[in-house]
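Worksheet: one structure, shown below.
The values are calculated or read from the model by the stated rules, or taken from the named source; none is laboratory data. Everything numeric here is computed off the predicted structure, so don't read it as measured data. Note: ideal-geometry Cβ built from the backbone for every residue, glycine included; neighbour counts use all protein chains shown.
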Amino acid sequence: MKTLSLKTMAIASLALGLGSAVFAANTTGNQPSNPQRSEGVTAQNPTARTETSTTSQPHEDPRGWHASTLTGRDVVGVNDVKLGQLDDFIVDSDSGKITYGVVSSAGMKGAGGGLRAVPFPAFVPELAEGRLRMRLNIEEAAWTKAPQFEKDQLGKLSEDLFREDTYRHFGLQPPIKTLPTNQRLMLVSETVGQEVRRGEQSIGRIENVIVHLDSHMAAALLDPRDDFVGTDQKFILPFRSLGQDEKDQLSITLSPQDFTSAQVSTDATWAMSTSSFRSPYLWPAYGTSATPLANTPPPVQSRGLAASRPPVEEIRQALAEDVHTRSYGIRVVAANDRVILLGNVQDEDDKRRVESRAALSAGGWKIDNQIRTARSLGEQSGQLSQ
């Protein structure tokens, strides 16, 4: 397997001057931040792993990853020993910060079994043979001694003693600021699919949760009712905007105007302070212009929902110049109010990456992603040969 180090990637990118500023920054400069490592017995020498690494850092889409795409990914420790799989995320709903990643070692011989809540700063995302996985800087023997927990014990994770012991076990310095004991923690898996209400009105459901690895932030992906927002778009909501009513159902106080005036989410959305990230943002994977539906009042127009349509050549150029999409040779064709993306890529992550990059330049165009993956081409070829 070919070795591709982060240093090599950074030097090549600088030398060639390729890629847009946002995407290049994600690749070479915005590695997930890790708190200072303590001198515990589980803290390993990071140099030793770097010298033998056969992996590279994954490019992160500026708008983040679907939580459902990340769960099930392998989690490995020192010497690439598989420790388990990423099972879930735990989010502080007041700040939107991901506090822990839940790792399942069920069925893993020698890994100790059960669930473990791992401080999220301990995870280092990387690509191995083109597939994303998570690395922890811990030996297998130390992993088996890591504290276990059950998903109905979320309150335990806010306790100072548990948090300090867990951070130190993974070679991390515990946060200086003591978290409040009434911290409202939420499991992503229990949030997805929930109905969201505004008063007595059902306004939609949580389709997924968007995880931004660089900032360690998460936001709910809301699929609203068309008759509530007047569009067929989807939006990301900061967790702090989600409350619970007397029936323990998710609720919001946001108005339809808050949604129709929403801006398109970008990398800068995640860089905002938690106090500033309060409003919904348009999720650009579904296009950047709203489409009013029949028999619904027209939405309030805004920059995000009524963006002008740039020349299609600008979208082509953006894809051709970006270091992460230029090699795909994607064709961009305009048809009525849509731009159609055509071509072949390796997998669904690549397909979404191209669509997300195109959306940054699409303005008022809707994105019709007709890109085919290697898997879909293989299945089609198999059907023809039968």
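Considering segment 325-384 alone, what residues qualify as being touching a His at 6+ places or on another chain (Cβ under 7 Å) and modelled with pLDDT of 85 or more?
Once the filter is applied, which keeps residues that are touching a His at 6+ places or on another chain (Cβ under 7 Å) and modelled with pLDDT of 85 or more, segment 325-384 yields nothing.
Quick check, is residue 126 of a type in the set (D, E, K, R), assigned to a strand (DSSP E or B), touching a Leu at 6+ places or on another chain (Cβ under 8 Å) and assigned by TED's automatic domain parsing to the domain that holds residue 247?
When the stated conditions are applied, residue 126 does not pass them.
I want to confirm something. Restricting to segment 320-345 and keeping residues that are in contact with a strand residue (DSSP E or B) (Cβ under 7 Å, 6 or more places away or on another chain) and assigned to a loop (DSSP other than H, G, I, E, B), which single residue is farthest from residue 310 (Cα to Cα)?
343
Which residue is farthest from residue 281 (Cα to Cα), if the candidates are limited to segment 194-226 and must be of a type in the set (Asp, Glu) and assigned to a strand (DSSP E or B)? Working first, answer last.
Of the residues in segment 194-226, the ones of a type in the set (Asp, Glu) are 195, 200, 207, 214, 223, 226.
Subsequent filtering for residues that are assigned to a strand (DSSP E or B) retains 195, 207, 223.
Working: 195: 19, 207: 15, 223: 12 Å.
Once the filter is applied, the top-ranked residue is 195.
Does segment 227-242 include one or more residues that are surrounded by fewer than 17 Cβ atoms within 10 Å (Cβ to Cβ), part of a loop (DSSP other than H, G, I, E, B) and assigned by TED's automatic domain parsing to the domain that holds residue 67?
No, segment 227-242 contains no residue that is surrounded by fewer than 17 Cβ atoms within 10 Å (Cβ to Cβ), part of a loop (DSSP other than H, G, I, E, B) and assigned by TED's automatic domain parsing to the domain that holds residue 67.
Would you check which residues across segment 213-227 are of a type outside the set (Asp, Glu) and farther than 17 Å from residue 279 by Cα and list them?
213, 215, 216, 225
If residue 170 satisfies all but one of (1) under 17 Å from residue 189 (Cα atoms); (2) crowded, with 21+ Cβ neighbours inside 10 Å; (3) aromatic (Phe, Trp, Tyr), what's the number of the condition it fails?
(1)
Name, by its number, the condition in (1) more than 21 Å from residue 67 (Cβ to Cβ); (2) under 24 Å from the mean Cα position of the chain (by Cα) that does not hold for residue 186.
(1)
Being within 25 Å of residue 66 (Cβ to Cβ) and surrounded by fewer than 19 Cβ atoms within 10 Å (Cβ to Cβ) is the filter here; which residues of segment 133-148 pass it?
Here is the first cut: in segment 133-148, the ones within 25 Å of residue 66 (Cβ to Cβ) are 133-136.
None - no residue of segment 133-148 is within 25 Å of residue 66 (Cβ to Cβ) and surrounded by fewer than 19 Cβ atoms within 10 Å (Cβ to Cβ), so the list stays empty.
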